[in-house]
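This report refers to the structure that appears directly beneath it.
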Amino acid sequence: MSETSPMSETLLPTPSHTVGPFYGYALPFPEGEQVAPKGHPDTIALHGYVLDGEGNPVPDAILEFWQAGPDGSLKGAPGSLRRDPVTGGFLGRNGVDFTGFGRVATDADGHYALYTLPPGNAGVPYISVCVFARGLLHHLYTRAYLADGADPLLDGLPADRRATLLAAEEPNRTYRFDIRLQGEGETVFLEFQ
Amino acid sequence: MALTQSDIDIEVNDLQNAYDKARAAGAPVQNHPPRDYAPYRSSVLRHPKQPLVAVNGGDPETVELSGPVFGPTDITDIDNDLTIQHQGEPLGERITVSGRLLDRDGRPVRGQLVEIWQANASGRYAHLRDQHPAPLDPNFTGVGRTLTDDEGRYRFTTIKPGAYPWRNHTNAWRPAHIHFSLFGTAFTQRLVTQMYFPNDPLFRYDPILRSVTDESARNRLVAAYNHDLSQPEFSLGYEWDIVLDGPSATWIEEGR
Ligand SMILES: [Fe+3]
């Protein structure tokens with residue numbers, strides 16, 4: 001079967017639906033925001049606000065993050081949720097494996113913060129972001145680039161739109177990345193083909 | 001002034017007719033809801049107005065063509081049985097929900113995390129924000145997780161959730177549904193959706209379900225009753241297969 005085979009894409013996809021307002025007791029898990037431990041000397045923080053079309057914070061969004069490991073690996077590792085088989089609680093990540101996956105619900109101010117290690121992907125380093133929210137019928141993808149540089153996606157964008165994908169470096173290994181769902185300064189959202 | 005159900009019905013029907021007309025004129029099938037779907041009022045300020053920017057997936061170094069992995073440490077053995085998470089039995093009609101997680105080529109997605117959450121039999125979520133006057137059930141939280149098996153199959157034991165009111169418009173009720181969160185082999189295949197139960201009379205009134213304007217796509221959100229999945233003296237069976245959209249690196253790696 002070749003890439004262009006008519007056999008491919010024979011099944012029709014299950015439609016997306018909104019995550020709704022009540023995911024809060026199901027999807028977030030302890031240390032979901034700590035792909036790497038807070039306070040570790042190599043850890044970086046990526047944080048910001050999710051904003052709606054009137055510039056108001058979105059307190060019921062949930063963001064997921066996926067990235068290459070510091071060594072560039074895209075294999076990930078299990079153990080993001082690591083459960084305790086005795087109590088049914090959460091053990092937290094094991095501190096050794098880099099899972100590459102983070103999940104953070106926005107707080108009442110619409111703010112999120114992710115703690116992780118610098119991604120080692122080829123080219124300009126970036127963290128892939130998937131946005132879910134009440135009111136959003138189909139999730140949105142974007143990228144938080146941690147530096148500027150030559151990149152096939154960035155280079156295809158006009159300057160003002162390109163700027164929406166660049167996380168701003170702040171002191172103490174911290175990067176600011178706001179996500180504007182609509183309106184002025186609307187974040188560039190992506191479609192994968 | 002508060003919107004009535006008939007105000008919403010008019011909007012829903014206008015958008016339905018517009019889609020059906022476009023399809024008849026040769027427009028492509030829309031398998032997913034439009035993000036801009038005004039009858040679901042919360043969508044109005046929460047959808048981008050600029051078109052999505054295409055990323056060509058041909059580059060195997062595209063980070064999103066791979067994705068998070070999960071394993072046995074990420075679940076416990078009883079996470080897929082929502083009826084045994086407390087000391088007593090939850091109230092409601094016990095059900096078994098099972099199906100396969102597939103990609104668009106029909107290949108099973110193996111060993112991947114499936115998460116569900118739902119209201120209890122009375123239609124109440126164990127969530128502080130759900131304050132409508134239906135009883136909480138001390139023996140039911142409504143959260144489950146499992147990993148798909150080698151055939152991509154998942155299986156949950158739970159209770160049938162109740163319909164519940166919401167504030168989209170006056171007298172807005174959601175049909176009974178279970179929320180599902182799914183991962184493929186690539187981050188681009190990520191899916192969050194909802195499973196419905198057959199023949200629910202609330203379908204036609206619900207702007208969230210109706211946001212999927214393609215009728216056959218909408219039908220793919222409805223599980224089938226499967227008598228063979230029903231267990232004697234125990235539970236009723238519902239079968240629901242899930243097909244993930246979006247490209248993955250797998251077919252590149254496998255040279256398919
Ligand atoms: Fe719900």
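Per-structure values
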item: Tally, over segment B:87-115, of residues that are assigned to a loop (DSSP other than H, G, I, E, B), away from chain A (no Cβ under 11 Å) and either of a type in the set (A, V, I, L, M) or more than 21 Å from A:L12 (Cα to Cα) (or both); result: 8
item: Segments classed as strands (runs of 3 or more DSSP E), wholly inside segment B:142-256, with at least 3 members that are under 19 Å from the mean Cα position of the chain (by Cα) and free of Cβ contacts under 8 Å to residues at least 24 places away in the same chain; result: none
item: Residue within segment A:4-13 that is in contact with a His (Cβ under 6 Å, 6 or more places away or on another chain), of a type in the set (A, V, I, L, M, F, W, C) and free of Cβ contacts under 8 Å to residues at least 12 places away in the same chain present; result: no
item: Pair list, Cβ under 6 Å, 6 or more apart: segment A:174-193 residue away from chain B (no Cβ under 11 Å) and in contact (Cβ under 8 Å) with a residue 40 or more places away in the chain, other residue among the hydrophobic types (A, V, I, L, M, F, W, C) and assigned to a strand (DSSP E or B); result: A:T174/A:A45; A:Y175/A:L46; A:R176/A:A168; A:F177/A:L46; A:F177/A:A144
item: Residues (aromatic (F, W, Y) and near the ligand (Cβ under 10 Å from one of its atoms)) located in segment B:153-179; result: B:Y164, B:W166
item: Single residue of B:L209, B:L182 found to be within 9 Å of another protein chain (Cβ to nearest Cβ) and within 14 Å of the ligand (Cβ to nearest atom); result: B:L209
item: Some residue of segment A:98-121 being closer than 27 Å to A:G53 by Cβ and within 7 Å of another protein chain (Cβ to nearest Cβ); result: no
item: A:S128, sole failed condition from (1) at pLDDT 95 or above; (2) under 22 Å from B:W117 (Cα atoms); result: (2)
item: Residue within segment A:43-53 that is within 7 Å of chain B (Cβ to nearest Cβ), surrounded by 15 or more Cβ atoms within 10 Å (Cβ to Cβ) and within 16 Å of the ligand (Cβ to nearest atom) present; result: no
item: Qualifying residue in segment A:163-179 (condition: open to solvent by less than 10 Å² (accessible area, probe 1.4 Å) and out of contact with any Lys or Arg (no Cβ under 8 Å at 6 or more places or on another chain)); result: yes
item: Test: residue in segment B:129-145 that is modelled with pLDDT of 95 or more, over 22 Å from B:Q85 (Cβ atoms) and either more than 10 Å from every other protein chain (Cβ to nearest Cβ) or more than 12 Å from the ligand (Cβ to nearest atom) (or both); result: no
item: Qualifying position, being open to solvent by 50 Å² or more (accessible area, probe 1.4 Å) and in contact (Cβ under 8 Å) with a residue 12 or more places away in the chain, among A:P85, A:P37, A:P21; result: A:P37
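So that you can scan it fast, the table gives a plain yes or no per residue for (1) open to solvent by 40 Å² or more (accessible area, probe 1.4 Å); (2) at positive phi; (3) not aliphatic (A, V, I, L, M):
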site	(1), (2), (3)
B:P133	yes, no, yes
B:F140	no, no, yes
B:A172	no, no, no
B:F183	no, no, yes
B:A186	no, no, no
B:V192	no, no, no
B:P207	no, no, yes
B:R210	no, no, yes
B:D214	no, no, yes
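The values are calculated or read from the model by the stated rules, or taken from the named source; none is laboratory data. Remember, predicted model here, so these are calculated numbers, not experimental data. No Cβ is skipped: glycine too gets one built from the backbone with ideal geometry, and neighbour counts run over all protein chains shown. Surface accessibility is based on the protein's heavy atoms, side chains included, excluding ligands, DNA and RNA. Shrake-Rupley method; radii C 1.70, N 1.55, O 1.52, S 1.80 Å.
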